[in-house]
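The values are calculated or read from the model by the stated rules, or taken from the named source; none is laboratory data. Treat the numbers as computed from the prediction; the structure is a model and nothing was measured. Please note: Cβ atoms are built from the backbone with ideal geometry, for glycine as well, and neighbour counts cover all protein chains shown. To get the accessible areas, we keep the full protein, side chains included, count just its heavy atoms, and leave off ligands, DNA and RNA. Shrake-Rupley method; radii C 1.70, N 1.55, O 1.52, S 1.80 Å.
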Amino acid sequence: MTPEVLAVSQGPAAGACLAQSAEKVGWQERPSWYVLCTRDRIVAPEAQQGVAERIGAKVFISEASHAVVRSRPGDVVEAIEDALTYAHGTPPQPRPWSATGGPARAANRHRRHGTAAVFAARTFD
């Protein structure tokens, strides 16, 4: 996905979403993970650090831009795998890759499904 496609496909945030308050937030009761992007020019790394500290998140540092899923998908996968290890007590098992698939295909799958870079509200049952 190019910057041009992102520019025309993403609309502004709805004002209503900023006016609503949450009755309960997962990060107050559940563990959290945060991928801090050091090259983010939209949200300053210092602000990201403040958020991560406030929610008590385990922080993963990435030399990525704001679009970390696009620029450094491996860093996001590392944080997800750590969360899975915590939730299940064992590291996730590697998946066999097809001859036409592989890690690049997995990264594309994460991009298509909009995997979030911030795991602040991730909960485990």
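Points to keep in mind about this one:
- Taking the listed residues A16, A52, the one that is small (G, A, S) and in contact with a strand residue (DSSP E or B) (Cβ under 8 Å, 6 or more places away or on another chain) is A52, with no other qualifying.
- Scanning the range 56-73 for residues that are charged (D, E, K, R), buried (at least 19 other Cβ atoms within 10 Å of the Cβ) and closer than 23 Å to G26 by Cα turns up nothing.
- Of all residues in the range 20-46, exactly one satisfies the criterion of being modelled with pLDDT of 95 or more, open to solvent by 50 Å² or more (accessible area, probe 1.4 Å) and assigned to a helix (DSSP H, G or I), namely E46.
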